[in-house]
Amino acid sequence: MTSSELWTRETADRYDAEEAENSSPAALGPTLDFLAELAGNGRALEFAIGTGRVGVPLRQRGVPVTGIELSEPMAAVLRRKADEETLPVVIGDMATTVVPGAFTLVYLVYNTIGNLLTQDEQVACFENAARHLAPGGRFVVELTVPPLRFLPPGQVAAPFDVSERHLGFDTFDLVEQTLVSHHFTRDGDDGRFRRDTCRQRYAWPAELDLMARIAGLELESRAEDWNGTPFGPDSAQHISVWRKPV
């Protein structure tokens with residue numbers, strides 16, 4: 001077991017409804033195009049596959065997908081969408097769990113590498129990705145750039161969403177390099193909000209590049225989004241691709 005917090009059945013049961021906008025064909029299209037092109041005619045492995053938000057439609061595009069997932073309730077929701085033969089899922093952590101075979105693509109999306117709360121575990125995650133990749137295969141990570149420059153001296157919180165049904169802000173521990181995402185979500189129309197929190201370890205792109213080097217991978221590309229917008233000093237997130245040498 002890694003330091004990742006386990007997602008409960010209650011969270012798993014409402015996850016797809018809360019992520020409906022991010023799961024629409026319009027929102028997922030560029031992600032699926034990007035991943036399918038890298039997978040080519042080979043197999044793909046998704047670390048922290050969750051309820052299959054990405055893995056299921058990628059499999060429907062003809063890419064053989066296998067998943068690793070720590071939360072059994074999340075995997076159970078996925079299983080309602082695809083059976084084991086169609087999309088195998090191994091219960092375990094993404095830093096150490098090994099599945100059979102070699103893959104042309106390993107991917108980890110939606111800031112999920114931050115669920116590993118120590119640097120050692122994040123390095124182990126890169127090493128595990130490299131372990132599963134065939135020569136020439138790629139490891140893809142989608143991750144937010146830490147928004148620390150929005151913090152004036154003495155402030156430890158920064159908002160990331162202020163909308164009618166959701167308030168979200170992060171609080172930072174600048175010594176431990178961790179953050180806690182605070183979510184206040186209005187479930188109904190009675191004005192009451194549900195509070196949830198999630199801990200993560202943030203990492204800079206350069207730190208991830210060093211993790212990749214430790215794992216024997218080489219940076220191939222980095223973009224701001226799945227459409228290939230160039231990554232720059234004002235980019236709030238990045239899609240990074242590292243390649244295993246032939």
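The values are calculated or read from the model by the stated rules, or taken from the named source; none is laboratory data. Treat the numbers as computed from the prediction; the structure is a model and nothing was measured. Methodologically, a virtual Cβ is constructed for each residue, glycine included, from the backbone with ideal geometry; neighbour enumeration extends over all protein chains shown. Please note that ligands, DNA and RNA were not included when accessible areas were found on the heavy atoms of the full protein model with its side chains. Shrake-Rupley method; radii C 1.70, N 1.55, O 1.52, S 1.80 Å.
General remarks:
- Residues (β-branched (Val, Ile, Thr), open to solvent by 20 Å² or more (accessible area, probe 1.4 Å), in contact with a Ser or Thr (Cβ under 8 Å, 6 or more places away or on another chain) and farther than 18 Å from Leu210 by Cβ) located in the stretch 92-138: Thr96
- Condition met for Asp161 (more than 18 Å from Ser240 (Cα to Cα), acidic (Asp, Glu), touching a strand residue (DSSP E or B) at 6+ places or on another chain (Cβ under 8 Å) and free of Cβ contacts under 8 Å to residues at least 12 places away in the same chain): yes
- Scope the stretch 16-59; condition open to solvent by 40 Å² or more (accessible area, probe 1.4 Å) and closer than 23 Å to Ala134 by Cα; matching residues: Asp33, Phe34, Glu37, Gly40, Asn41, Arg43, Arg59
- Pick from the stretch 1-15, criterion small (Gly, Ala, Ser) and surrounded by 15 or more Cβ atoms within 10 Å (Cβ to Cβ), ranking: farthest from the chain's Cα centre (by Cα): Ala12
- Matching residues in the stretch 139-152 - criterion: being of a type outside the set (Val, Ile, Thr) and either open to solvent by 60 Å² or more (accessible area, probe 1.4 Å) or part of a loop (DSSP other than H, G, I, E, B) (or both): Pro146, Pro147, Arg149, Phe150, Leu151, Pro152
- Residues that are open to solvent by less than 20 Å² (accessible area, probe 1.4 Å), in contact with a strand residue (DSSP E or B) (Cβ under 8 Å, 6 or more places away or on another chain) and over 23 Å from Asp120 (Cα atoms), drawn from the stretch 223-246: Ala223
- Being under 18 Å from the mean Cα position of the chain (by Cα) and among the small types (Gly, Ala, Ser) is not true of Ser163.
- Restricting Thr86, Thr66 to residues that are surrounded by fewer than 24 Cβ atoms within 10 Å (Cβ to Cβ), touching a Phe, Trp or Tyr at 6+ places or on another chain (Cβ under 9 Å) and at pLDDT 95 or above narrows the list to Thr66.
- Within the stretch 5-22, the set of residues being in a helix (DSSP H, G or I) and of a type in the set (Ser, Thr, Tyr) comprises Thr11, Tyr15.
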